[in-house]
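Participant: The structure that follows is given in the form of structure tokens.
The values are calculated or read from the model by the stated rules, or taken from the named source; none is laboratory data. Computed from a prediction, not measured in an experiment: that's the story for all the values here. Counting neighbours? That spans all protein chains shown, and the Cβs are built from the backbone with ideal geometry, glycine included. Ligands, DNA and RNA are stripped out before the accessible areas are found, and what is left, the full protein with its side chains, is counted by its heavy atoms. Shrake-Rupley method; radii C 1.70, N 1.55, O 1.52, S 1.80 Å.
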Amino acid sequence: LGMIALAWFKNWRLVNILAFSLTAVFFTAWMLLKITSNSLPASGALSFAGIFYLLFFVMNILFKLKARDSLNYADYVLLFLNTSLFFGQGMLILEAGHLTSYRGLFTLVLAVTHLIPFLALKLTGTGKQALHLLLLGWTVLFFTIAVPLELEGSHIASLWAGEAILLYLIARKT
């Protein structure tokens with residue numbers, strides 16, 4: 001919570017980068033060590049990874065919203081690394097915990113996690129267009145990934161066809 005307070009009151013880029021990098025390295029090293037020794041507590045590891053993800057997701061966006069500033073290259077990199085790292089860690093944790101049947105649900109929850117702030121920012125008119133598109137893009141990406149993880153055969157093609165139509169309609173509107 002202290003990091004979120006710092007993101008709100010100060011824009012200490014170096015502190016954000018160091019906190020993210022060190023937490024990512026230490027947690028990933030711990031997780032891989034536990035996976036290799038077959039002693040990974042899947043629910044605890046996924047909970048920590050989720051809290052870590054949400055903390056840095058909120059922290060990286062919060063200051064930009066408060067300052068009414070556009071995302072810069074470093075912001076995109078941090079958001080991309082945070083999201084990619086959480087997705088990868090989540091998949092590894094589910095695999096190591098023999099919970100592969102939840103991979104699709106995990107991915108779908110990640111899509112909804114990006115959809116909620118997109119809708120909130122869009123409806124309130126806050127945030128820049130680039131942030132809206134980034135959140136919407138991740139929503140579509142994770143929904144697309146979730147489809148083959150949850151469905152089989154022709155259901156995948158049917159859902160992807162519907163998604164293609166929806167994306168076409170969205171593109172025509174914008």
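Participant: Residues Phe87, Phe27: which one is in contact with a Leu (Cβ under 8 Å, 6 or more places away or on another chain) and not polar (S, T, N, Q)? Before you say what the answer is, go through the steps one by one.
Facilitator: On the way: Phe27 fails: in contact with a Leu (Cβ under 8 Å, 6 or more places away or on another chain).
Checking each option against the conditions leaves just Phe87.
Participant: Let me ask something additional. Got a sec? Which helices (runs of 4 or more DSSP H) wholly within segment 79-174 have at least 2 residues that are modelled with pLDDT of 90 or more and under 17 Å from the mean Cα position of the chain (by Cα)?
Facilitator: 103-124, 129-150
Participant: State which residue pairs qualify: first residue more than 15 Å from Leu141 (Cα to Cα) and touching a residue at least 40 places away in the same chain (Cβ under 8 Å) and inside segment 95-119, second residue open to solvent by less than 70 Å² (accessible area, probe 1.4 Å) and not acidic (Asp, Glu) in any location, beta carbons under 7 Å apart, and separation of 6 or more residues or different chains.
Facilitator: Close Cβ pairs (under 7 Å, with a partner that is open to solvent by less than 70 Å² (accessible area, probe 1.4 Å) and not acidic (Asp, Glu)) amount to Ala96/Ile35; Ala96/Leu40; Ala96/Ala42; Gly97/Leu40; Gly97/Ala42; Leu99/Ala42; Pro117/Leu135.
Participant: Further question on the same structure: Does segment 88-104 contain any residue that is among the hydroxyl-bearing types (Ser, Thr, Tyr) and under 24 Å from Ile17 (Cβ atoms)?
Facilitator: Looking for residues that are among the hydroxyl-bearing types (Ser, Thr, Tyr) and under 24 Å from Ile17 (Cβ atoms), one finds none in segment 88-104, hence no.
Participant: Which of the residues spanning segment 120-132 are open to solvent by less than 40 Å² (accessible area, probe 1.4 Å) and closer than 18 Å to Phe143 by Cβ?
Facilitator: His132
Participant: Could I ask something else about it? Filter segment 49-64 down to residues that are touching a helix residue (DSSP H, G or I) at 6+ places or on another chain (Cβ under 7 Å) and open to solvent by 20 Å² or more (accessible area, probe 1.4 Å), then give me how many there are.
Facilitator: Adding up the residues that qualify gives 4.
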